[in-house]
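Only one structure is covered here, and it is reproduced in the block below.
The values are calculated or read from the model by the stated rules, or taken from the named source; none is laboratory data. Fair warning: this is a prediction, and the values are worked out from it, not measured in the lab. Don't worry about glycine lacking a Cβ; one is built from the backbone with ideal geometry, like all the others, and counts go over all protein chains shown.
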Amino acid sequence: MHIKTTKCNRFCLVASVTNQEVFDRPEAQAGFEALFRPFDPEVQFQYFKSFRRVRISFGDALAAAEARLRLHKTEFSGKAMKLYFAQSVHIGSPRLEPPKPDKQFLISPPASPPVGWEQSQDATPMVNYDLLCAISKLGPGEKYELHTATPTTPSVVVHICEDERGGGGGSSTPDDSDHDDKPRAPKPKIIQTRRPDYAHGVEQ
């Protein structure tokens, strides 16, 4: 985890200027800079109009301290000017380092698999040969109980359907894929469930 630290820059001052003319008029800028040049002739200025701040960089820490001591809360163009020492925020390493490669292989598509990674084998499908053998021995109309009923669960029973070609009856329209001359049995009809008998209730 990176640690955030704040350090005070003894060579730079930040001036809070409320007078907008300092950022728009060259004459006002020249008068503002003339206040700090007696402390350091090589002083440099950076204007931040959106924040109404001016960064003042000195070549000597003593000159910056003396300028702040004498000019802090002094009037400039009829308005008070405040001076502060600039602060630099340091978070972790001074260089931008790449993230740790712990989970980089999860990025899709991965550049390469991680060290020690192996292809997983597909599991063998489970085939119940006893069930297949029991079903193959059944005939039409017979059933096979897979699971015996318990007091809390029902039984599971497999029923073998009747052969549609085995029954008699009228012929239906042959399928295009059926080339046999034998007539096909009619499709089974869905029998609706009969409504239960009405039971007279107790009259209240």
(request) Check whether at least one residue in segment 82-99 is closer than 30 Å to F11 by Cα, modelled with pLDDT of 80 or more and touching an Asp or Glu at 6+ places or on another chain (Cβ under 9 Å), and report yes or no. (result) no
(request) Kindly indicate which of F32, F51, F11, F45 is assigned to a loop (DSSP other than H, G, I, E, B) and either among the hydrophobic types (A, V, I, L, M, F, W, C) or in contact with a Cys (Cβ under 8 Å, 6 or more places away or on another chain) (or both). (result) F51
(request) Determine, yes or no, whether E66 is over 15 Å from V17 (Cα atoms) and at pLDDT 90 or above. (result) yes
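Given the criteria charged (D, E, K, R), over 18 Å from C8 (Cβ atoms) and more than 51 Å from the chain's Cα centre (by Cα), does E21 qualify?
On the way: charged (D, E, K, R): yes; over 18 Å from C8 (Cβ atoms): yes; more than 51 Å from the chain's Cα centre (by Cα): no.
When the stated conditions are applied, E21 does not pass them.
Given the structure, is V158 at pLDDT 65 or above and in contact with a Lys or Arg (Cβ under 7 Å, 6 or more places away or on another chain)?
So V158 fits the description; yes.
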